[in-house]
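Encoded as structure tokens, the structure appears first; notes follow it.
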Amino acid sequence: MNIGIVGLGLIGGSLAKAFKARTGHSVFGADLNEETMLLSRLSGAIDAPLQDENMDQMDIVLIAIRPTAAISWAEEHFSKLKKGACVVDMCGVKRVVTEKMEKCAQDAGVLYVGGHPMAGKERGKFQNASENLYVGASMILTPGKNAAPDTLENLNNLFTDIGFARIVFTTPDEHDRIIAYTSQLAHIASSAYIKSPEALRQRGFSAGSFRDMTRVAFMDEDMWTELFLLNADYLTGQVHLLIENLKEYEKALESKDADALRALLKDGREKKTLAGGN
């Protein structure tokens, strides 16, 4: 099978490396950065560049670039794909992307399924891509109303072949609502937390808690600004809720109310137990 990958940064580059290491599929890649294209060829992550001339040879195309860029690519290139080809985007928001891409796909006669791999690193770019990035991770898929069962089964097999442990099917709206909490709010909280003056004086005083809280503060501000604003309605609600929760801790501390503070901490521990996760 011929797989085209648009964008060979951390996400797309890791997809390319995983397919080459774990499957027999041919991989074609495209990236605006010439150095990335060179590195992907030299490392064997792709077999050849993805170009207009071979676009109609692709069975599956994975789009691993920012949402607005992904939509622009779809509008320009979907018509160049062969009829029946399957396209999956890897964008971190789904409502706006799905709405635009489903129309492009319908007009071009190709199949479209929204996707979002739940894996990543603080540092992006192809140089940090890994064939093992997706091992044990979840892949979220948001099939459109016209998605055929055999298409979804093929995608399930394709992604499990490269290490994904779980394929989660949901709607674009549910994806954006939940991801506002599980990913986007965590990035905002980390970014706000690191701005304390004590962060510059923490050497020798920090351990796992500091590392965990600040890890995702090291982020691409351009990409995350786009993701935050495209999901601003749900994310604003989560930010507001976090602020209100923090006010309860602030009130208990200011009044030195041990019972209230203990109850807040107990409630948090119990909710963590119910929520599970790492």
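The values are calculated or read from the model by the stated rules, or taken from the named source; none is laboratory data. Owing to the predicted nature of the structure, the values given are computational and were not obtained by experimental measurement. Methodologically, a virtual Cβ is constructed for each residue, glycine included, from the backbone with ideal geometry; neighbour enumeration extends over all protein chains shown. What goes into the accessible areas is simple: the full protein's heavy atoms, side chains included, and nothing from ligands, DNA or RNA. Shrake-Rupley method; radii C 1.70, N 1.55, O 1.52, S 1.80 Å.
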TODO: Would you mind getting the accessible area per residue of region 45-176, heavy atoms of the protein chains only, 1.4 Å probe, in Å²?
DONE: 45
Task: Helix-only [θ]222 nm of the chain, DSSP H runs n ≥ 4, -39500 (n - 2.57) each, per residue, nearest 500 - done: -15000 deg cm²/dmol
TODO: Please give the FRET efficiency for residue 83 paired with residue 160, using the beta carbon to beta carbon distance and R0 = 35 Å, rounded to the nearest 0.05.
DONE: 0.85
TODO: Given the options 124, 208, 29, state which has the largest fluctuation in a GNM of the chain using a 10 Å cut-off (strictly under) for Cα springs.
DONE: 208
TODO: Subtracting the Cα-Cα distance from 0.36 nm times the residue separation, let me have the gained length for residue 220 to residue 273 in nm, one decimal.
DONE: 15.9 nm
TODO: Run the dipole for region 76-161 about the Cα centre, Lys and Arg Cβ at +1, Asp and Glu Cβ at -1, nothing else charged, and hand back the magnitude in debye, nearest 20.
DONE: 260
Open item on the list: So if each residue of separation counts as 0.36 nm, and I subtract the Cα-Cα distance between residue 53 and residue 127, what length gain in nm does that give?
Closed with: 23.9 nm
Task: Rg and Dmax of region 47-159, Cα atoms only, in Å - done: 14.0, 37
Task: Test item: Cα-centred dipole of the chain, Lys/Arg +1 and Asp/Glu -1 on Cβ, debye - done: 920
Task: Size of electric dipole in region 196-278: Cβ of Lys, Arg +1 and of Asp, Glu -1, about Cα centre, debye, nearest 20 - done: 560
Task: Protein accessible area in region 196-250, 1.4 Å probe - carbon and sulfur % - done: 59
Open item on the list: Between residue 257 and residue 196, what's the calculated FRET efficiency when r is the beta-carbon distance and R0 is 35 Å? Round to 0.05.
Closed with: 0.90
Task: Chain lengthening between residue 43 and residue 150 when straightened (0.36 nm per residue, less Cα-Cα) - done: 35.2 nm
